[in-house]
1. Quick check on the chain: helices-only [θ] at 222 nm, where DSSP H runs of length 4 and up contribute -39,500 (n - 2.57) each and the sum goes over total residues. Nearest 500, please.
2. Can you return the lysines within cross-link range of Lys459? Criterion is Cα-Cα under 16 Å, with same-chain partners fewer than 8 residues away left out.
3. So, in nm, how far is label Asn385 from label Ser441 when the simple model puts each one 7 Å beyond its Cα toward the Cβ?
4. Provide the packing ranking of 438-444, 424-430, i.e. peptides ordered by the mean count of other C-beta atoms within 10 Å per residue, highest first.
5. Quote to one decimal, in nm, the extra length available between Ala16 and Lys166 on full extension: 0.36 nm per residue of separation minus the C-alpha distance between them.
6. Highest mean first, how do 130-136, 40-46 rank when packing is the count of other Cβ atoms within 10 Å averaged over residues?
7. Indicate, rounded to the nearest 5 percent, the antiparallel portion of the DSSP beta bridges found entirely in the chain.
8. Which of the three applies to region 6-125, rounded, prolate or oblate, going by the alpha-carbon gyration tensor with a ≥ b ≥ c and a/c under 1.5 meaning rounded?
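The values are calculated or read from the model by the stated rules, or taken from the named source; none is laboratory data. What you are looking at is a predicted structure, and each value in this text was computed from that prediction instead of being measured. As a convention, Cβ positions derive from the backbone with ideal geometry for all residues, glycine included, and neighbour counts pool all protein chains shown. Side chains are part of the model used for accessible areas, which takes the heavy atoms of the whole protein and leaves out ligands, DNA and RNA. Shrake-Rupley method; radii C 1.70, N 1.55, O 1.52, S 1.80 Å.
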Amino acid sequence: MIYDTIAAVTTAPGKAAVGIVRLSGPDAFSIADQIFSGKSGVSVFDQRNYALAYGRAVDGGRTVDEVLLLKMQSPRSFTGEDVAEIQAHGGSVVLNRILRAAIKKGARLAEPGEFSKRAFIHGKMDLVQAEAMADLIQADHELLAETAADQMSGALTDIVEAMADKLLDWTAMLEASIDYPEEELENQENDQWREGLLAMCSEMDGLLLSLDRGKIIRQGLRVVLAGKPNVGKSSIMNALLDEERAIVTHIPGTTRDTLEESVLIEGAPIVLVDTAGLGETEDPVERIGIERARRAMEGADLVLYVLEVNKEIDREILGEIKALDPDKTVILLNKMDLKPELEWERTLCYLTWGWDQLRVSALKGEGLDRVARCLRDRFLAGTQNENGPACLINARHGAALAKAKEALVHALAALDGGIPLDMISIDLRQAWMSLGEMTGSVSDEDIIDRIFSKFCLGK
Ligand code: GDP
């Protein structure tokens, strides 16, 4: 297949010291040569590979900017094609003029993700690596950037490819037993097959388990503030966000819905969710709010259950606390500035024993540093690596891997059911195909197009 030459501004819009226009395709050098006039007089064709040439970007005889031109010859470039990159001053007018000049000379404006798609087509990276690269660009905190960078370098691809290779070998062995039954390949002990399949299933399980971790890495730790109306949930959320976003009021029950804010706390991405106060109510709108609050608590990675130190804990609250998972709950004793009586404090401690507790005063801003540290620690604990270096941060990868595992489970059942080994090769082939969908080696074109179209323009 012959590709045309595409061009785009690859740097972010806005004003910057430097901006880049990239050309990729068979005419990249000839187009670059027509819009670039090198100071040394050397044409782009004669310019050394990977060397920068200084000169002017020109359009219709007029100088657009003083620029540097980087030449990268196929196949050793990002896309695997001939690539010319013009580094100009980073103003949109300058960059767009250079881009227009390139288009006038025969380049086509690249679609979003088209450079990356060509890199994929030319075998420079697989889908897992391409998607990781997009995640790396979008990453807003370090752990996501690190995980994405590992996957971009092939950490996950290597694991998946090793599994796919093994599946292919197994399928070949089984299929050979159909073609050459006299070779008696079926004499491979069933137990041996079972062992191999189980080992691969458990490897896949390890990766699938990492999806929860990956979700926290990608989306941040989901922290829900819960408790009765007026205990200070909004005040705590505001204090943590350091800005007055939620309505802070002393009229009970005004936060009727949930309110979400994403924030980096001590470098950890946290999604704070303020909920309607829990409690009995006749008001239908409030009841909806409470229902949503309960749902938010169920979906939380951590519940910050807020109590007022100067209020009695009634049976309802106690029941509520006891129903929560202690591993996913921290009790915040708020309004410490109101100085609870010692006796009362003892009772409170006794009643909520077994749950992590932190004492705060949202009003005075006391104890919030400990809450912030606790959230960061919980984020780190939630993302800790227990199953080796790989971690799935992409739901599409999870779905493909789950499908592969399902096929292996089917193969195991067939094995136990005494179905002939050669029949099992169909399941193994299915598992291999699912892994291929993950890496893109057997993906259909629509899926590939859909993935790359979500990339940024110029990537
Ligand atoms: P929510 O309904 O749980 O979200 O509670 P709010 O954050 O709206 O607070 C209810 C009332 O308690 C407001 O009048 C706040 O000013 C007050 N409040 C919140 N935190 C504290 C605190 O630490 N100490 C004191 N004394 N009052 C607080």
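1. On the way: 15 runs with 214 residues, N = 459.
Helix contribution divided over all residues of the chain: -15000 deg cm²/dmol.
2. List returned: Lys117, Lys124.
3. 2.4 nm
4. Numbers: 438-444: 18.0, 424-430: 20.7.
By packing density, highest mean first, the sequence is 424-430, 438-444.
5. On the way: separation 150, 0.36 × 150 = 54.00 nm, distance 4.93 nm.
Contour length minus the Cα-Cα distance gives 49.1 nm.
6. On the way: 130-136: 21.7, 40-46: 12.9.
Per-residue mean Cβ counts within 10 Å order the peptides as 130-136, 40-46.
7. Values: 36 of 57 bridges.
Taking every DSSP beta bridge with both residues in the chain, the antiparallel ones total about 65 percent.
8. Values: a/c = 1.67, a/b = 1.22, b/c = 1.37.
Oblate is the answer for region 6-125, as a/c is 1.5 or above yet b/c matches or exceeds a/b.
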